[in-house]
Every structure is written in structure tokens, then in C-alpha cells.
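These notes are about the structure you will find just below.
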Amino acid sequence: MAILKIVTYGDPVLRKPAEPVLKVSAKIQKLAADMFDTMYANNGVGLAAPQVGVSKRIFVLDCSTDEEPLPQMVFINPRIVRRRGACVSREGCLSFPEVFTEVKRYAEVTVRYMDLKGKTRDLTVPDGSLLCRAIQHELDHLDGVLFVDHVIDRSTTENLLEQHNLPPIEPD
Ligand code: NI
């Protein structure tokens, strides 16, 4: 168990497409455990490996609420195989301390991924749930895409980034 250092926006690793995980080794299992420790220590609901400086296609999620406990989930080599609808809600990211802004996402997705036992699974998450948004947010991290790339109001977001001494959104 270890709490890792979270890299913040501006670090090039966050813009780099991550490499597939070829084998769910003991090292990958340890990485996932450390990512959960790091996520909980920072009060996050999701964390992708590039955010701890590891350019591998793996992210972890725990979208539990007081009303609805959910299991810890690990997604390895995930891809979205079906998407539908749209929704807008406020998002933040552990790599952007204190920055929250409205982001557009698909309302429903089906994600295909490998779990920590190396088993391939399909998961459909509906209706603009936190889990649905979090999967899209974390999967983007594996492609070097960040939530500020999907913002509704770009100029407000640019101001927020400047206030928090973070770099501007890169030109498309
Ligand atoms: Ni994030």
C-alpha cells in the first residue's frame, strides 16, 4: 500500500496516449491497489494511471455514495463500445486542484474492459449517472484527453485555470 504523487495539469504525461497493459501481473495489481490508496487519500472517485505518472491503460473508480455503496472497480485496456445521448454536469479532476466546470458527456455508455483477474467484461452504465461520467472522464485520461477539452464555456474555464496557476487549454 502506498500513496503516490498525483501529477498536475501541465505535466506532459497527462497528454500522452497510454500503452496497453499486456498482462495483469503482480506489478499491475500493486499499481491498482496504490491507485485506490492515492484516490481515497485525495477524496477522488476515480484515478487513471497517467495521473500518477504511469502511462498504462488502467484506471480505478469508486463512485459509492452514502445512499448507494458500489464496489471498487478496476478497468484495464477499456474501450467504449456503445454510446448514446448527452448530458452536462460539473466535473473536476485530481490533476486540476480546485477547478470545477460544466462538461458535456454521453448519457449512457457500454464499456468493454479487462478486470484485475484478466477477465473481459462489458458494463452498461445509464442515465447520466456519476459512474457513467466518471468512466468517460477516466478513459479520456488514457488517450491524453482532459475534461477541460469538453467544457461548455471555454472562456470561464480559461479564467479558472489562470486563477489556479494552471496552463491554458491547448488549441484544438
Ligand atoms: Ni481526471
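The values are calculated or read from the model by the stated rules, or taken from the named source; none is laboratory data. Because the structure is predicted, anything quoted here is derived from the model rather than measured. Please note: Cβ atoms are built from the backbone with ideal geometry, for glycine as well, and neighbour counts cover all protein chains shown. Side chains included, ligands, DNA and RNA excluded: accessible areas come from the protein's heavy atoms. Shrake-Rupley method; radii C 1.70, N 1.55, O 1.52, S 1.80 Å.
Just one residue in the set GLU162, GLU158 is touching a Pro at 6+ places or on another chain (Cβ under 7 Å) and more than 16 Å from the ligand (Cβ to nearest atom); that residue is GLU158.
Please work out which one of (1) open to solvent by 20 Å² or more (accessible area, probe 1.4 Å); (2) out of contact with any His (no Cβ under 8 Å at 6 or more places or on another chain); (3) within 23 Å of LEU161 (Cβ to Cβ) is the condition PRO69 fails and give its number. Of the numbered conditions (1) open to solvent by 20 Å² or more (accessible area, probe 1.4 Å); (2) out of contact with any His (no Cβ under 8 Å at 6 or more places or on another chain); (3) within 23 Å of LEU161 (Cβ to Cβ), the odd one out for PRO69 is (3). Selection within the range 83-112: residues that are among the aromatic types (Phe, Trp, Tyr) and within 16 Å of the ligand (Cβ to nearest atom). The member of this set that is least open to solvent (accessible area, probe 1.4 Å) is PHE96. Contact annotation: residue pairs with Cβ atoms under 9 Å, 6 or more positions apart or on different chains, pairing a residue in the range 44-55 that is touching a residue at least 40 places away in the same chain (Cβ under 8 Å) and within 14 Å of PHE147 (Cα to Cα) with a partner that is of a type in the set (A, V, I, L, M) and within 8 Å of the ligand (Cβ to nearest atom), are GLY46/LEU94; LEU47/LEU94; GLN51/LEU94. Within the range 113-168, the set of residues being surrounded by 16 or more Cβ atoms within 10 Å (Cβ to Cβ), in a loop (DSSP other than H, G, I, E, B) and touching a helix residue (DSSP H, G or I) at 6+ places or on another chain (Cβ under 7 Å) comprises LEU116, GLY144, LEU146.
Considering only the range 126-136, I want to know if a residue exists there that is without any contact (Cβ under 8 Å) to a residue 12 or more places away in the chain and either at negative phi or under 13 Å from the mean Cα position of the chain (by Cα) (or both). Looking through the range 126-136, none of the residues is without any contact (Cβ under 8 Å) to a residue 12 or more places away in the chain and either at negative phi or under 13 Å from the mean Cα position of the chain (by Cα) (or both).
Scanning the range 12-40 for residues that are under 28 Å from ILE169 (Cβ atoms) and open to solvent by less than 70 Å² (accessible area, probe 1.4 Å) yields VAL13, LEU14, ARG15, ALA18, PRO20, MET35, THR38, MET39. THR8 fulfils the conditions (1) exposed (fewer than 13 other Cβ atoms within 10 Å of the Cβ); (2) in a loop (DSSP other than H, G, I, E, B) except for a single criterion, (1). When SER64 is tested against (1) of a type outside the set (D, E, K, R); (2) more than 15 Å from the ligand (Cβ to nearest atom); (3) under 20 Å from GLU98 (Cα atoms), exactly one condition is not met: (3).
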